[in-house]
1. Considering each residue of region 59-87, count those that are within 10 Å of the ligand (Cβ to nearest atom), open to solvent by 50 Å² or more (accessible area, probe 1.4 Å) and assigned to a loop (DSSP other than H, G, I, E, B), and give that number.
2. Go through region 199-217 and give me each residue that's aliphatic (A, V, I, L, M) and touching a Leu at 6+ places or on another chain (Cβ under 9 Å).
3. When region 93-131 is examined, which residues are found to be part of a strand (DSSP E or B), open to solvent by 20 Å² or more (accessible area, probe 1.4 Å) and over 29 Å from Pro12 (Cα atoms)?
4. For region 144-164: of the residues being open to solvent by 30 Å² or more (accessible area, probe 1.4 Å) and in a loop (DSSP other than H, G, I, E, B), which is farthest from the ligand (Cβ to nearest atom)?
5. Just for region 16-58: of the residues that are without any contact (Cβ under 8 Å) to a residue 60 or more places away in the chain and more than 22 Å from the chain's Cα centre (by Cα), which one is surrounded by the most Cβ atoms within 10 Å (Cβ to Cβ)?
Amino acid sequence: MGELAGALRAIPVFTRLPAAFDPATVPADPRSLFVEWLTEAIAEGVPEPHAMVLSTVDTHGQPDARTLILKDVDEHGWWFAGSSSSPKGTQLAATPAAALTLYWPGVGRQIRVRGTVEPGDPAQSARDFLARAPGGRAEALVGRQSQPLAGAAELRTAFESAKARVANDPELVAPDWTRYLLRPTEIQFFQGDRERQHVRIGYRCTEDGWAHTLLWP
Ligand SMILES: Cc1cc2nc3c(=O)[nH]c(=O)nc-3n(C[C@H](O)[C@H](O)[C@H](O)COP(=O)(O)O)c2cc1C
């Protein structure tokens, strides 16, 4: 085994499993279970528990993924925000489907959400943009996300000019800033176990509402 492989193998997983999980008592609606687990992750001090991986597919059918911040979960689904002209935005416009993955070390839990994605209405997106700190608004106004950048000086100039625009017009909203809604069709909950008898529950949206089942680990 190489040095790196050996070092990786020596790192323990599922070191802290503080929260009990009884699959017999899960709620009928997976959103309630998600909020319950998120609340427990926050209480257990999991760092940045609202950071999640958003996976999309590009126009060649190739997967892509990046970390985003969860903005809210409501009766419609999971909300996140970003630029509609970014790679993720153009991918979602072409293929409005995505998966979200959250892993919370410290409680040994993973949640996977799959579904369809749609932009929220412009007023919601504008509210989300204006709720950002001035630096975050300037960052979004700079635009050109994920395009090649010549150097730090070019970014500094664009950022300074965006900061000035924000300072001069506190109501200014980046036109492509979008609050997206992922409407879930499938949600999986994974509770890690040191003996590797992980508890997994899969929820699926059916015509009669949510159905759930245990899954083999
Ligand atoms: C912890 C963390 C949180 C992030 N939150 C967001 C976010 O809420 N929205 C966003 O557009 N990008 C966010 N990013 C940046 C994205 O990961 C990504 O670099 C950017 O959106 C460009 O992705 P794209 O090229 O796939 O469009 C975050 C990155 C990290 C590491």
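1. 2
2. Val199, Ile201
3. Taking region 93-131 as the starting set, the residues that turn out to be part of a strand (DSSP E or B) are 97-104, 109-119.
Still in the running and open to solvent by 20 Å² or more (accessible area, probe 1.4 Å): 97, 99, 101, 103, 110, 112, 114, 116, 118-119.
Ala97, Thr116, Glu118, Pro119 - these are the residues of region 93-131 that are part of a strand (DSSP E or B), open to solvent by 20 Å² or more (accessible area, probe 1.4 Å) and over 29 Å from Pro12 (Cα atoms).
4. Pass one, region 144-164, residues open to solvent by 30 Å² or more (accessible area, probe 1.4 Å): 144-150, 152-157, 159-161, 163-164.
Pick out the ones that are also in a loop (DSSP other than H, G, I, E, B) and you get 144-150.
Numbers: Arg144: 11, Gln145: 5, Ser146: 3, Gln147: 9, Pro148: 12, Leu149: 13, Ala150: 18 Å.
Top of the filtered list is Ala150.
5. Pro27
Matching residues to (1) at positive phi; (2) among the aliphatic types (A, V, I, L, M); (3) in contact with a Phe, Trp or Tyr (Cβ under 9 Å, 6 or more places away or on another chain):
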residue: Glu3; (1), (2), (3): no, no, no
residue: Arg16; (1), (2), (3): no, no, no
residue: Ala19; (1), (2), (3): no, yes, yes
residue: Asp22; (1), (2), (3): no, no, no
residue: Ser32; (1), (2), (3): no, no, no
residue: Trp37; (1), (2), (3): no, no, yes
residue: Arg66; (1), (2), (3): no, no, no
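The values are calculated or read from the model by the stated rules, or taken from the named source; none is laboratory data. Since the structure is predicted, the reported quantities are computational estimates derived from the model, not experimental observations. Every residue, glycine among them, receives a Cβ derived from its backbone with ideal geometry; neighbour counts consider all protein chains shown. Note: accessible area is taken over every heavy atom of the protein model, side chains too, but ligands, DNA and RNA are not part of it. Shrake-Rupley method; radii C 1.70, N 1.55, O 1.52, S 1.80 Å.
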